[in-house]
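One structure below.
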Amino acid sequence: MKIKKAVFPVAGLGTRFLPATKAMAKEMLPVVDKPIIQYAVEEALSAGIEQIIFVTGRGKRALEDHFDHSYELERALKHKEKNDLLKQIEALVPETGTIIYTRQHEALGLGHAIWCARDIVGDEPFAVLLADDMIQSKQPVLSQMIERFDRLRASVVAVMEVEKDQTDKYGILDAEAIEDNLFRIRAMVEKPAPEEAPSNLAIIGRYILTPKIFHFLGKKQTGAGGEIQLTDAMASLLKTQPIFGYKFEGTRFDCGDKAGFQMANIAFAMERPEIRSKLLAFIEKICLNQEER
């Protein structure tokens, strides 16, 4: 079956970015001139996704408004003949029915957030994108993964190597390489201590999952942090279906981390010819000043 639906868990409180996220959804923090969530939605749509499913919580109204018409703004831009900006704003609004919202009423973890979308997804494979993980690549990572899914007809997760002392921040794989950048997963564990980690191959925020995952998520078994963990449900799924890890082509930025967020801003700004030269000159000046201290 074609991957047509993508789930975006966006109910988190964004506590690592307080006080900026006190009254603003963390997904709306801008990287250059677009909110984080827009990059993820554009990645999904460019990969052929037809339906975006946002799993939201309280305080996410700005996110919903972002992907809707703002008639006053559009009229103002049209009146001032700012046609390029008008086109950008109008392009944010997909066809009616493309975006669906559902609520996660309790903060019970990533696995629970995905389970909240079960009735919308139905009995078909689907994608999950975590907007905090921004990936700079020539070909959208989800598109790379869909190509593998079309061949393997099994769940696929995006993976990357992390520093050994960072394994307690990720779902970590025990896996064997079966071809370039593709691994057959034997087991997985959520946030293991470095001395207990089976490898340094970590799952990051892109998944293609079969609908059977909802059976295991529906058991609502808690794991690390007392939350319903997606990794634990995938470990159970692995006993009945194969799951593959795909080492994607691209550079990942953790925008849930303050340093990673700033790195993403610099990296994506460098792709903009109109600001690249000014930014380069400023970075060189800052680095020089740091060396002189």
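The values are calculated or read from the model by the stated rules, or taken from the named source; none is laboratory data. Computed from a predicted model, the values in this text were never measured in an experiment. So basically every Cβ, Gly included, is an ideal-geometry build from the backbone, and we count neighbours across all protein chains shown.
Against the test of being outside any strand (DSSP E or B), hydroxyl-bearing (S, T, Y), surrounded by 15 or more Cβ atoms within 10 Å (Cβ to Cβ) and in the same structural domain as I135 (by TED's automatic domain parsing), the options T231, T240 yield a single qualifying residue, T231.
Scanning the range 262-283 for residues that are of a type in the set (D, E, K, R) and either touching a strand residue (DSSP E or B) at 6+ places or on another chain (Cβ under 9 Å) or modelled with pLDDT under 90 (or both) yields one hit, E271.
In the range 58-108, the residue that is modelled with the lowest pLDDT out of those that are hydroxyl-bearing (S, T, Y) and out of contact with any Phe, Trp or Tyr (no Cβ under 6 Å at 6 or more places or on another chain) is T96.
The set of residues in the range 179-230 being in contact (Cβ under 8 Å) with a residue 60 or more places away in the chain and hydrophobic (A, V, I, L, M, F, W, C) consists of L182, F183, I185, I204, I208, L209, I213, F214, L217, I228, L230.
Which one of the conditions (1) in a loop (DSSP other than H, G, I, E, B); (2) out of contact with any Gly (no Cβ under 7 Å at 6 or more places or on another chain) does G205 fail to meet, given that it meets all the rest? Only one criterion in (1) in a loop (DSSP other than H, G, I, E, B); (2) out of contact with any Gly (no Cβ under 7 Å at 6 or more places or on another chain) is unmet by G205, namely (1). E190 meets each of the listed conditions (1) more than 24 Å from L142 (Cβ to Cβ); (2) touching a helix residue (DSSP H, G or I) at 6+ places or on another chain (Cβ under 9 Å); (3) charged (D, E, K, R) apart from (1). Among the helices (runs of 4 or more DSSP H) confined to the range 12-91, the ones with at least 3 residues that are among the aliphatic types (A, V, I, L, M) and over 20 Å from G256 (Cβ atoms) are located at 71-79, 83-91.
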